[in-house]
1. Out of A:Y31, A:Y75, A:Y42, which single residue is of a type in the set (F, W, Y) and either in contact with a helix residue (DSSP H, G or I) (Cβ under 8 Å, 6 or more places away or on another chain) or surrounded by 15 or more Cβ atoms within 10 Å (Cβ to Cβ) (or both)?
2. Restricting attention to segment A:59-74, does a residue exist that is in contact with a strand residue (DSSP E or B) (Cβ under 6 Å, 6 or more places away or on another chain), away from chain B (no Cβ under 14 Å) and without any contact (Cβ under 8 Å) to a residue 60 or more places away in the chain?
3. When only residues in segment A:1-36 that are among the hydrophobic types (A, V, I, L, M, F, W, C) and away from chain B (no Cβ under 14 Å) count, which is farthest from A:R57 (Cα to Cα)?
4. Any chance you could count how many residues in segment B:76-88 are surrounded by fewer than 24 Cβ atoms within 10 Å (Cβ to Cβ) and within 17 Å of the chain's Cα centre (by Cα)?
5. Can you report the number of residues in segment B:45-69 which are of a type in the set (A, V, I, L, M) and facing chain A (nearest Cβ under 10 Å)?
6. Is it fair to say B:I91 is touching a Gly at 6+ places or on another chain (Cβ under 9 Å), within 13 Å of chain A (Cβ to nearest Cβ) and surrounded by fewer than 20 Cβ atoms within 10 Å (Cβ to Cβ)?
7. Return the residue satisfying two criteria in turn: it lies in segment B:112-122 and is more than 20 Å from B:G50 (Cα to Cα) and surrounded by fewer than 20 Cβ atoms within 10 Å (Cβ to Cβ), and of such residues it is nearest to the other protein chains (Cβ to nearest Cβ).
8. Would you check if there is a residue in segment B:98-111 being on the phi > 0 side of the Ramachandran plot and away from every other protein chain (no Cβ under 14 Å)?
Amino acid sequence: MARARLFVTLKEGILDPQGKTLLRALKSLGYDEVTDLRVGKYMEIEIDGTDRATMERRLGEMSESLLTNPIIENYRMEVEA
Amino acid sequence: MKFGVVVFPGSNCDHDCHYVISEVLHQDVDYVWHGSTDVTGYDCLVLPGGFSYGDYLRTGAVARFSPVMKAIEGFAGRGGLVIGICNGFQILLEAGLLPGAMMRNTGLKFICRFVNIRIETASTPWTKAASVGQVLSIPIAHNEGNYQVPGDVLEEMKRRGQVVFRYCSPEGSVLQEYNPNGATESIAGVCNREGNVLGMMPHPERASEAELTSTDGLVIWRSLLSHCGVEIPA
């Protein structure tokens with residue numbers, strides 16, 4: 001069994017209302033050094049298999065069909081076999 | 001004319017749509033379960049509002065893989081009329097039947113109130129009984145209505161007349177202060193290239209009877225009936 005980590009981030013140019021709100025909140029708490037903040041998603045996936053290339057290919061398919069929306073999101077994955 | 005109202009787990013405007021179609025428009029209508037793989041015999045399919053699959057991950061992201069969506073894709077590809085309202089619109093976006101994606105409202109709040117929308121084109125089956133610039137008062141009720149679409153895609157959509165509704169002032173001016181959710185260019189509804197698939201965030205089924213204070217939603221239903229050559233009931 002392997003474990004994969006999927007990091008989903010918003011594409012550049014896509015306005016992130018949550019990130020903007022958190023940025024304002026941090027500033028109001030006095031953290032003036034924060035200049036930008038964007039909220040993403042993190043997923044941990046357990047997967048059966050031993051062949052790394054196959055797992056990566058299948059995880060890529062999963063990411064592009066369901067787990068992310070390629071119009072607004074990018075993703076990066078790490079597979080720990 | 002025969003309608004099908006698609007029911008996903010978590011749909012909650014399905015009964016309202018069914019009621020308006022049967023009791024106000026006096027047309028045949030069935031519920032179509034999300035597990036159904038056959039949509040033959042229908043003239044128009046309605047994807048209603050709600051919170052399909054709890055809105056988990058992204059709105060519409062899970063519902064788009066329901067068995068019925070394959071059938072709807074084929075139906076739309078053959079020119080069948082499909083309208084997605086609110087969550088139905090979000091599902092059509094995730095399914096790739098309409099261009100773009102939904103983000104959270106810029107104010108991070110669920111907004112439930114009447115808004116004004118302007119008709120941007122009368123060349124679609126959904127707006128042919130209306131005139132360009134006409135303002136409709138129709139309620140919205142959503143948390144993710146912040147429509148986003150890549151710039152080059154938007155330009156092409158505008159050229160092809162795929163932007164159908166924009167949020168506006170009561171007089172019909174499209175101004176940022178009347179944009180409730182941050183949607184790109186105040187877009188409230190779009191159609192596909194062929195015009196047979198429409199997605200809109202406002203709920204026409206909630207503005208189809210005088211008792212509900214606005215009957216402006218009827219413009220969309222009447223356009224549709226007229227497009228299909230149905231005598232419009234008084």
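Readers should treat all values here as calculations from the given coordinates under stated rules, not as data from a laboratory. None of these values were measured; they are calculated from a predicted model. Heads up, the Cβs are rebuilt from the backbone with ideal geometry, glycines too, and the neighbour counts pull from every protein chain shown.
1. A:Y75
2. For segment A:59-74, residues in contact with a strand residue (DSSP E or B) (Cβ under 6 Å, 6 or more places away or on another chain), away from chain B (no Cβ under 14 Å) and without any contact (Cβ under 8 Å) to a residue 60 or more places away in the chain: present.
3. The qualifying residue farthest from A:R57 (Cα to Cα) is A:L29.
4. Of the residues in segment B:76-88, 4 are surrounded by fewer than 24 Cβ atoms within 10 Å (Cβ to Cβ) and within 17 Å of the chain's Cα centre (by Cα).
5. Total meeting the criteria: 3.
6. Against the criterion (touching a Gly at 6+ places or on another chain (Cβ under 9 Å), within 13 Å of chain A (Cβ to nearest Cβ) and surrounded by fewer than 20 Cβ atoms within 10 Å (Cβ to Cβ)), B:I91 does not qualify.
7. Within segment B:112-122, the subset more than 20 Å from B:G50 (Cα to Cα) is B:116-122.
Keeping just the survivors that are surrounded by fewer than 20 Cβ atoms within 10 Å (Cβ to Cβ) gives B:121-122.
Values: B:T121: 23, B:A122: 28 Å.
Out of the qualifying residues, it is B:T121.
8. no
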